[in-house]
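Q: I'd like to ask you about the structure that follows.
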Amino acid sequence: MTYDEFLAGDPVVVTAALTGGVHGKEANPNLPETPEEIGRAAAAAAAAGAAVVHVHARKPNGERSFATERFQAIDDEIRARADDVVIQHSTGGTGAPDDVRHQPLRTDPPPEMASLDMGPLNRYRHLTSENTRALVDSLYDEMRERGVKPELEVFNDGHLNEAHQFLDRRDVDAPVYATLIFGPGTLTRPRPRNLLNLVSNLPAGAQFNTLGFGRHQLPLATLGLLLGGHVRVGLEDNVYYERGELATSNAQLVERIVRVADELGRPVATPAQAREILGL
């Protein structure tokens, strides 16, 4: 579905990005870090209307982890509390060797979905997440082998070009699913016209997801709803509910976008509907 085919009544897939791998409880004490906390957050977000939960793993000290064992512990906690929600693992990251980036794909069972960054990103002052074409291809090849649906993460216009080239190199089952990301630094500048331009240049037949960082989360998600896309919210991307007020939970952010979708005539997809829409 493209933006010019949108009709009120089309279901919207809501993704909750629960924790991320950068900021921790110092940014918001309600951000989940342990497997049990993430499991409980996933269940609450699913009850609020999220069909997909985007998962990062943390070490016991709160730092980011790529270890299969940590993802396994989180998945077990999620499935014990919300056994129907779609689990999507992150394979993105900075400073990790290529083989380590594969580890989130190796849980048993594997996640139904996983993120796949389409190109390089500047991180902080001295770090770059490279995401070479060779790494993108190798991650995708393991995803395909393990039956994992890729979520193409598009952080800027150049990444959309890379997505088209990636689809020329690799046979990806329809529908292609791309997340369009807006914010500071390497990301696309958060302007309505930029979302319109990206959507108009998506691969034919692609489904898209809208992700805005910080204060841009709600307005860009709302515009994404109007354009017929899907949305991602959560404490990974935005620790505030409104200016000066920390969000109490991922579920609180999901509940708000569900209300907006309802007002706009977009029913929220169940996990079963999300699986059908995304071709899982």
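The values are calculated or read from the model by the stated rules, or taken from the named source; none is laboratory data. Here the structure is a predicted model, which is why all the values come from computation and not from measurement. All Cβ positions, glycine included, derive from the backbone under ideal geometry; neighbour counts span all protein chains shown. These accessible areas exclude ligands, DNA and RNA; they are computed on the full protein's heavy atoms, side chains included. Shrake-Rupley method; radii C 1.70, N 1.55, O 1.52, S 1.80 Å.
Q: Would it be correct to say that G234 is touching a residue at least 60 places away in the same chain (Cβ under 8 Å) and closer than 29 Å to E26 by Cβ? Talk me through it step by step, then tell me what you get.
A: On the way: touching a residue at least 60 places away in the same chain (Cβ under 8 Å): yes; closer than 29 Å to E26 by Cβ: yes.
For G234, the condition - touching a residue at least 60 places away in the same chain (Cβ under 8 Å) and closer than 29 Å to E26 by Cβ - is met.
Listed here are the residues, each with its yes/no results for (1) crowded, with 16+ Cβ neighbours inside 10 Å; (2) part of a loop (DSSP other than H, G, I, E, B); (3) not small (G, A, S).
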residue: A50; (1), (2), (3): yes, yes, no
residue: Q72; (1), (2), (3): yes, no, yes
residue: E77; (1), (2), (3): yes, no, yes
residue: L116; (1), (2), (3): yes, no, yes
residue: G119; (1), (2), (3): yes, yes, no
residue: N122; (1), (2), (3): no, no, yes
residue: D141; (1), (2), (3): no, no, yes
residue: E145; (1), (2), (3): no, no, yes
residue: P150; (1), (2), (3): yes, no, yes
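Q: Still on this structure: Would you check if there is a residue in region 118-128 being of a type in the set (S, T, Y), at pLDDT below 95 and closer than 24 Å to H56 by Cβ? Let's see the steps before the verdict.
A: Filtering region 118-128 down to residues of a type in the set (S, T, Y) leaves 124, 128.
Within this subset, residues satisfying the condition of being at pLDDT below 95 are 124, 128.
If we keep only those that are closer than 24 Å to H56 by Cβ as well, we get 124, 128.
So far as region 118-128 goes, yes, one or more of its residues are of a type in the set (S, T, Y), at pLDDT below 95 and closer than 24 Å to H56 by Cβ.
Q: Quick check on T179: is it in contact with a helix residue (DSSP H, G or I) (Cβ under 6 Å, 6 or more places away or on another chain) and either under 19 Å from E242 (Cα atoms) or surrounded by 14 or more Cβ atoms within 10 Å (Cβ to Cβ) (or both)? Spell out the reasoning first.
A: Numbers: in contact with a helix residue (DSSP H, G or I) (Cβ under 6 Å, 6 or more places away or on another chain): no; either under 19 Å from E242 (Cα atoms) or surrounded by 14 or more Cβ atoms within 10 Å (Cβ to Cβ) (or both): yes.
For T179, the condition - in contact with a helix residue (DSSP H, G or I) (Cβ under 6 Å, 6 or more places away or on another chain) and either under 19 Å from E242 (Cα atoms) or surrounded by 14 or more Cβ atoms within 10 Å (Cβ to Cβ) (or both) - is not met.
Q: Related question: Out of all the residues in region 190-234, which are in contact with a Pro (Cβ under 8 Å, 6 or more places away or on another chain) and closer than 16 Å to H54 by Cα?
A: Answer for region 190-234, where residues must be in contact with a Pro (Cβ under 8 Å, 6 or more places away or on another chain) and closer than 16 Å to H54 by Cα: G212, F213.
Q: Mind checking which strands (runs of 3 or more DSSP E) fall wholly inside region 200-260 and carry at least 2 residues that are farther than 25 Å from A57 by Cβ? Working first, answer last.
A: Working: elements: 207-212, 230-233, 240-242.
Once the strands (runs of 3 or more DSSP E) in region 200-260 are filtered for at least 2 residues that are farther than 25 Å from A57 by Cβ, what remains is 207-212, 240-242.
Q: Search region 261-272 for residues being closer than 20 Å to A44 by Cβ and not in a loop (DSSP other than H, G, I, E, B), and hand back the single one that is most open to solvent (accessible area, probe 1.4 Å). Before the answer, list the steps.
A: First, the residues of region 261-272 that are closer than 20 Å to A44 by Cβ: 261-262, 268-272.
Imposing the further condition that a residue be not in a loop (DSSP other than H, G, I, E, B) reduces the set to 261-262, 268, 271-272.
Details: A261: 1, D262: 112, V268: 43, P271: 27, A272: 65 Å².
Here the residue is D262.
Q: Where residues in region 87-114 are β-branched (V, I, T), open to solvent by less than 40 Å² (accessible area, probe 1.4 Å) and in contact with a strand residue (DSSP E or B) (Cβ under 8 Å, 6 or more places away or on another chain), which of them is nearest to R275 (Cα to Cα)? Step through it out loud before you land on a result.
A: Taking region 87-114 and keeping what is β-branched (V, I, T), we get 87, 91, 94, 100, 107.
Keeping just the survivors that are open to solvent by less than 40 Å² (accessible area, probe 1.4 Å) gives 87, 91, 100, 107.
With the extra rule that they be in contact with a strand residue (DSSP E or B) (Cβ under 8 Å, 6 or more places away or on another chain), the set shrinks to 87, 91, 107.
Working: I87: 11, T91: 20, T107: 20 Å.
Only one residue tops the list, namely I87.
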